[in-house]
Amino acid sequence: MTPEEVCAKLDFEVHETVNELNKEIMGIAYNLLNDLRNSEIEVLTNPSPSQPYNPPGIVSGDLRRDWMYEVRGVPGHVSLYGRPNVEYADCLEYGTSKMLPRPYVDAILDDFSPKIDNAFSDLGK
């Protein structure tokens, strides 16, 4: 094999490995959306009425039920997004002039973060 052929073969193998890893990463990311959804449901399973500075309690269930999720990825980078799709979500998170906050975002992230490390621990093995 000539040096040029060795370089071409090596380049091909590296390219194939990177493509496979990127596919695996995107698959993991989509599985993590389920974990994010589970964390959101877990945190938002509070009895109503909730106490100030604790996650909100279930009244209609809309905050628990109506979220938008998205995975964005380019080679070497992937991002997960989840946000509530109800107009009063920020009022609960930050409070209003008439209601103390019922924060839930940090609690969801605290529950979800270890799942990210777990999901990527076997990557490329």
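The values are calculated or read from the model by the stated rules, or taken from the named source; none is laboratory data. None of these values were measured; they are calculated from a predicted model. Glycine gets a Cβ as well: all are built from the backbone with ideal geometry, and neighbour counts include every protein chain shown. Note: areas computed on protein heavy atoms with side chains; ligands, DNA, RNA excluded. Shrake-Rupley method; radii C 1.70, N 1.55, O 1.52, S 1.80 Å.
So the values come out like this:
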quantity: Residue check, Ser97 over 20 Å from Lys115 (Cα atoms) and open to solvent by less than 70 Å² (accessible area, probe 1.4 Å); calculated: no
quantity: From Ala119, Ala89, residue being modelled with pLDDT of 95 or more, open to solvent by less than 60 Å² (accessible area, probe 1.4 Å) and among the aliphatic types (A, V, I, L, M); calculated: Ala89
quantity: Members of segment 29-46 found to be more than 20 Å from Asn85 (Cα to Cα) and either free of Cβ contacts under 8 Å to residues at least 24 places away in the same chain or surrounded by fewer than 17 Cβ atoms within 10 Å (Cβ to Cβ) (or both), listed by number; calculated: Asn31
quantity: Counted residues, segment 79-125 - those being part of a helix (DSSP H, G or I), touching a residue at least 60 places away in the same chain (Cβ under 8 Å) and of a type outside the set (A, V, I, L, M, F, W, C); calculated: 2
quantity: Filter result for Pro49 (assigned to a loop (DSSP other than H, G, I, E, B) and either within 11 Å of the chain's Cα centre (by Cα) or loosely packed, with under 11 Cβ neighbours inside 10 Å (or both)); calculated: yes
quantity: Residue ID - farthest from the chain's Cα centre (by Cα), chosen from residues in segment 73-84 that are at pLDDT 90 or above and open to solvent by 70 Å² or more (accessible area, probe 1.4 Å); calculated: Arg83
